[in-house]
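One structure is given below, encoded as structure tokens.
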Amino acid sequence: MVSALPASAIDLPKPLTDSDFIQFDPRQAELGQLLFYDKILSGNRNISCGTCHHHDLGSSDGLSLGIGEGGTGIGPNRTAGEGANRVQRRIPRNAPGLWNLGANNVQFMFHDGRISISDLYQNGFNTPAEEFLPQGLNSLLAAQALFPVASDAEMAGQPGENEIAGAIKDRMDHAWPIIAKRVRGIEKYGQLFVAAFENVEDPADVTIVEIANAIGAFIGTEFRNHDSLFDRYLEGQDDALNGQQLRGMELFFGDARCSACHSGPLLSSQTFHALGLPQFGPGRTRQFDPSVRDVGRIGESDRLEDAYRFRVPFLRNVALTGPYGHNGSMPTLDAIVRHHLHPQESNANWRPELALLPPAPWLASTDFVVRHDRLEEQRRISAIEIDLPPLTDPQIADILAFLNALTGETALERPMGRPDRVPSGLPVD
């Protein structure tokens, strides 16, 4: 169970400063901006990283479960495609926001933490690629950038559609050299890589490592943001928060016990907890699991106690990144806060129409099939490990006011933004 904080005093985190973040090469970040929005990285050249992590949508996509390869458009207006090119399945989990992932102390990537810093495989990281991850990746952000492009539903496409998808069917790392060859074959990219990387003397030297390092540099630089009203307060500006926001902060770090998990400068303990969020969609399971469900952290750790646990999210700019939860089952901040307080009641009252899912009639029969698995529902509910004190509606309103005070004043004014065009000449979403 979530343990209580001492009730005697509020233990606020220290202010975030630029020294708390990895200092990426600006030239690599500028190159990464182009790659982030360039569909050349996808198997069928029809989706980019930015499609699901768009500037206009707070670095996410505004959907519960995303529509990846085969879809068209962005955010709530994205469609699931049609004919032979329509999506085969929804993305299993919500597209998380990218805020402050370049901080020095970030330990895990993805909702289940399946990417972490480790020397288990002598390449610096513990990832699904295990020993086949290439050497030379310079950050967790760079490591995570390799996996959406190697996912059939996200960016690669289906075997038989393109050479990248075919290579991934053999082994995911077989696709990365193909992507690198695509990119370095574009003259403008070749020039930019030579200018940005000291180890690249000729475009032929560009590998997936440089591509991933550039994308990581962009994400870590572009989405660094810590100029909220709360940050001002931490820096000593006592009048930065109004009365309601102050009451919410006192509850958050005090009697409401929110900071038992949302602690530290990033407002996350970076641990894993089972909240019992309603299940739907294709889910993510352990290998050979025959059930349609999402087992959470156990899929990475293989420890029974990690079943249905997910990483505690960072909260800066949280008001910009709904819907909430690992599968976006909670459409509003109010809904996710109330779920924390009464998870069993929240489950009982949850309805499929609360999920923000672009229509895909051919997937309708399976979108919510897991909710009819009585034993699976019992397992998920019995795993709930959060037990917080009750709050009144005014107290919840105060906490919501505080959560909104975590939005950076310049959060929507990013230094680089979305490019108008990319070197491949492909359209930019």
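Where a number appears in this text, it was derived from the coordinates with a stated rule and is not lab data. Bear in mind the structure is a predicted one, so any value in this text is a computation, not a measurement. In this analysis, Cβ positions are derived from the backbone assuming ideal geometry, glycine residues included, and neighbour counts consider all displayed protein chains.
Once you sort the root eigenvalues of the Cα gyration tensor of region 158-310 as a ≥ b ≥ c, which label holds: rounded (a/c under 1.5), prolate (a/b larger than b/c) or oblate (the other case)?
oblate
The trypsin sites (Lys or Arg not before Pro) of region 252-309 meeting both criteria, a DSSP state outside H, G, I, E and B (loop) and at most 13 other C-beta atoms within 10 angstrom of the site's C-beta, are ARG286, ARG303. For region 218-311, the list of chymotrypsin sites (Phe, Trp or Tyr not before Pro) that fall in a loop by DSSP and count at most 12 other C-beta atoms within 10 angstrom reads PHE288.
Among the DSSP beta bridges whose two residues both lie in the chain, what percent are antiparallel, rounded to the nearest 5? Around 85 percent of the beta bridges assigned by DSSP in the chain are antiparallel ones. Quick one: helix 187-196 against the long Cα principal axis of the chain, what's the angle to the nearest 10°, folded into 0 to 90? Result, in degrees: 60. Simple rule: put +1 on each Lys or Arg Cβ and -1 on each Asp or Glu Cβ in region 229-404, find the dipole, and look at LEU315, LEU241, GLY325; the Cα lying farthest toward the positive end is GLY325. Give the relative contact order (percent, whole number) for the chain; include only Cα pairs under 8 Å separated by 6+ residues. Reported as a whole number, the value is 24 percent. Among HIS262, GLN378, VAL292, flag the residue with its Cα farthest along the positive direction of the charge dipole of region 229-404, charges on Cβ as +1 for Lys/Arg and -1 for Asp/Glu. So the residue we want is VAL292. Loop-resident trypsin sites (Lys or Arg not before Pro) (DSSP state other than H, G, I, E or B) in region 159-202 with no more than 10 further Cβ atoms inside 10 Å of their Cβ are absent. Inter-part distance, region 64-80 to region 115-184, computed on C-alpha centroids, equals 23 Å.
Using the Cα gyration tensor of the chain, with a ≥ b ≥ c the square roots of its eigenvalues, what is the shape: rounded (a/c below 1.5), prolate (a/b larger than b/c) or oblate (neither)?
Working: a/c = 1.75, a/b = 1.28, b/c = 1.37.
Judged from the Cα gyration tensor, the chain comes out oblate (a/c at least 1.5, b/c at or above a/b).
Charges were assigned to the Cβ only: +1 to each Lys and Arg, -1 to each Asp and Glu. The resulting dipole of region 133-207 about its Cα centre is roughly 80 debye. Under a model in which nothing but the beta-carbon of Lys, Arg (+1) and Asp, Glu (-1) is charged, region 1-100 shows a dipole of about 480 debye around its Cα centre. Each peptide in 385-398, 337-350 receives the mean, over its residues, of other Cβ atoms within 10 Å, and ordering these scores from highest gives 337-350, 385-398. As a proxy for reagent exposure, ranking ASP56, ASP302 by other Cβ atoms within 10 Å from fewest up yields ASP302, ASP56.
About the Cα centre, and with charges only on the beta carbon of Lys, Arg (+1) and Asp, Glu (-1), how big is the dipole of region 268-401? Nearest 20 debye, please.
The calculated dipole for region 268-401 is roughly 260 debye.
For the chain, the longest principal axis of the Cα atoms and the long axis of helix 26-36 meet at an angle of about 90 degrees.
For region 285-424, just say rounded, prolate or oblate: build the C-alpha gyration tensor, square-root its eigenvalues into a ≥ b ≥ c, call rounded for a/c under 1.5, and beyond that prolate if a/b exceeds b/c, oblate if not. Kindly include the intermediate steps, with their values, before the conclusion.
Details: a/c = 1.73, a/b = 1.20, b/c = 1.44.
Cα axes put region 285-424 in the oblate bin.
Sorting the segments 63-72, 101-110, 324-333, 238-247 by their mean number of nearby beta carbons within 10 angstrom, highest to lowest, gives 63-72, 324-333, 101-110, 238-247. Pairing the Cα long axis of helix 243-252 with the longest principal axis of the chain, what angle in degrees results, from 0 to 90 and rounded to the nearest 10? For 243-252 against the chain, the angle is about 80 degrees. For region 268-331 and region 29-62, what is the separation of their Cα centres, given in Å? For region 268-331 versus region 29-62, the Cα centre distance is 23 Å. Choose one of GLN122, GLY216, PRO359: the residue whose Cα lies farthest towards the positive end of the charge dipole of the chain (beta-carbon charges +1 Lys, Arg; -1 Asp, Glu; about the Cα centre). Sorting the options by dipole projection puts first PRO359.
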